[in-house]
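Engineer: Sharing a structure below in structure tokens format, with a few things to ask.
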Amino acid sequence: MSNNVETLSERMTSSVGTRLSYGDKVTIGGVEAVPVALVSFGFGGGAGDMQHEGEHDAGSGTGGGGGGMSVPVGIYVPGPRGPRFVPNLIALLTVSIPLACIAGYSLPKIVRALKK
């Protein structure tokens, strides 16, 4: 089962991941733009055929699942010196706020540990 999951994951990475990272050109206000997204996904699986002694005897089991997300991070638009990247500020803030909280929580502990 795990071999099937690895094979599926490898195929999805090569065929879907790259295509979703840079979308097809779109025209916005007469300007062609290429959307850019951060794509993440994962798969998992399980199997079993164990016999447990006791109150809850079990003899089989399978499972599997997966999930993914796509976060729009910006677009490429034409500029005077070639294409330029325009970030999606809402996505940038959405990602930055949790990172800033983690850094604010962790940094004093790291400094205290280095002083000892």
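Engineer: Within segment 30-40, track down each residue that is open to solvent by less than 70 Å² (accessible area, probe 1.4 Å) and of a type outside the set (Gly, Ala, Ser).
Structural biologist: VAL31, VAL34, PRO35, VAL36, VAL39 - these are the residues of segment 30-40 that are open to solvent by less than 70 Å² (accessible area, probe 1.4 Å) and of a type outside the set (Gly, Ala, Ser).
Engineer: Determine if segment 76-91 includes at least one residue that is open to solvent by 80 Å² or more (accessible area, probe 1.4 Å), assigned to a helix (DSSP H, G or I) and at pLDDT 80 or above. Break it down into steps so the answer makes sense when it comes.
Structural biologist: Pass one, segment 76-91, residues open to solvent by 80 Å² or more (accessible area, probe 1.4 Å): 76, 78, 80-81, 83-85, 89-90.
Next, from what is left, pick out any that are assigned to a helix (DSSP H, G or I): 89-90.
This time we only want the ones that are at pLDDT 80 or above, so: 89-90.
There is at least one residue in segment 76-91 that is open to solvent by 80 Å² or more (accessible area, probe 1.4 Å), assigned to a helix (DSSP H, G or I) and at pLDDT 80 or above.
Engineer: Here are some residues: THR94, THR27. Which one is open to solvent by 80 Å² or more (accessible area, probe 1.4 Å), at pLDDT below 90 and not in a loop (DSSP other than H, G, I, E, B)?
Structural biologist: On the way: THR27 fails: at pLDDT below 90.
So the residue among THR94, THR27 that is open to solvent by 80 Å² or more (accessible area, probe 1.4 Å), at pLDDT below 90 and not in a loop (DSSP other than H, G, I, E, B) is THR94.
Engineer: Now, a different point. Go through segment 97-116 and count every residue that is of a type outside the set (Gly, Ala, Ser) and either in contact (Cβ under 8 Å) with a residue 12 or more places away in the chain or open to solvent by less than 60 Å² (accessible area, probe 1.4 Å) (or both).
Structural biologist: In the first step, residues of segment 97-116 are kept if they are of a type outside the set (Gly, Ala, Ser); the result is 97-99, 101-102, 105, 107-112, 114-116.
Next cut, either in contact (Cβ under 8 Å) with a residue 12 or more places away in the chain or open to solvent by less than 60 Å² (accessible area, probe 1.4 Å) (or both) only: 108.
Counting residues in segment 97-116 that are of a type outside the set (Gly, Ala, Ser) and either in contact (Cβ under 8 Å) with a residue 12 or more places away in the chain or open to solvent by less than 60 Å² (accessible area, probe 1.4 Å) (or both) gives 1.
Engineer: Further, regarding this structure: Which condition number in (1) of a type outside the set (D, E, K, R); (2) in contact with a Ser or Thr (Cβ under 6 Å, 6 or more places away or on another chain); (3) modelled with pLDDT of 90 or more is the one that MET69 fails?
Structural biologist: (3)
The values are calculated or read from the model by the stated rules, or taken from the named source; none is laboratory data. In this text, all values refer to a predicted model and were calculated from it rather than measured experimentally. Please note: Cβ atoms are built from the backbone with ideal geometry, for glycine as well, and neighbour counts cover all protein chains shown. These accessible areas exclude ligands, DNA and RNA; they are computed on the full protein's heavy atoms, side chains included. Shrake-Rupley method; radii C 1.70, N 1.55, O 1.52, S 1.80 Å.
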